Amino acid sequence: MPSSTLIRVLLCGLSVAAVVACSCQVTAHVRGSTRGHVTFEIDGGRGISHLRVLAREVSGAWQPAWEVSGEDEVQEIVYGTLPAGFREQATANVLPPNGIFEVTVGTRQGAVGPPCSGALLFTFSPAGVVKECADIAACQAIAGLKADAAR
């Protein structure tokens, strides 16, 4: 094989690998309320194999609120309800209605791609409805909290 053809084949292979590696994005969503269930789901055709919820303390530190993982993947997980085949790494704590939370979801390695993950911030509106937030300040505004002084 001429060297120029070999170089083109190698570059093409690298391009395909880069597209596969870079296309691994998980979009996480949350829905629900303080009066019902809080449900986490992901888009993209892959299921959740790992979920971690962190609660933000007044000091700004993050503490585990709940963490689960499993060998299988599920499309959605209800907070505090362990899906079949999953195990808890941290038991579910009560989510305070004016709290700020971060959820991270992960997937297993695919046949042609790496494990994927996604994260989002959420809080509850004064009416108790789950609201996704772009950042901490947005969560604080939604929850009716004063903004952090040290931002």
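Structure notes:
- For the stretch 39-68, filtered to residues that are surrounded by fewer than 16 Cβ atoms within 10 Å (Cβ to Cβ) and in contact (Cβ under 8 Å) with a residue 12 or more places away in the chain, the residue that is nearest to P114 (Cα to Cα) is G44.
- Test result for E73, under 18 Å from C24 (Cβ atoms), outside any loop (DSSP other than H, G, I, E, B) and of a type in the set (D, E, K, R): yes
- Total residues in the stretch 54-70, condition farther than 13 Å from G106 by Cβ and part of a strand (DSSP E or B): 8
- Single unsatisfied condition, D135 versus (1) at pLDDT 95 or above; (2) under 21 Å from E57 (Cα atoms); (3) surrounded by 13 or more Cβ atoms within 10 Å (Cβ to Cβ): (3)
- For the stretch 106-127, a residue qualifies if it is modelled with pLDDT of 90 or more and surrounded by fewer than 13 Cβ atoms within 10 Å (Cβ to Cβ), and the qualifying residues are P126, A127.
- All conditions but one from (1) assigned to a strand (DSSP E or B); (2) surrounded by fewer than 13 Cβ atoms within 10 Å (Cβ to Cβ) apply to V103; the one that does not is (2).
- Scan the stretch 32-50 for residues that are within 26 Å of P126 (Cα to Cα), in a strand (DSSP E or B) and modelled with pLDDT of 85 or more and the total you get is 6.
- For the stretch 113-128, the set of residues classified as closer than 20 Å to E57 by Cα and assigned to a strand (DSSP E or B) consists of A119, L120, L121, F122, T123, F124, listed by residue number.
- With respect to (1) within 16 Å of the chain's Cα centre (by Cα); (2) outside any strand (DSSP E or B); (3) crowded, with 18+ Cβ neighbours inside 10 Å, the lone exception for I142 is condition (1).
The values are calculated or read from the model by the stated rules, or taken from the named source; none is laboratory data. Fair warning: this is a prediction, and the values are worked out from it, not measured in the lab. Because the Cβ atoms are built from the backbone with ideal geometry, glycine has one as well, and the counts that use them run over all protein chains shown.
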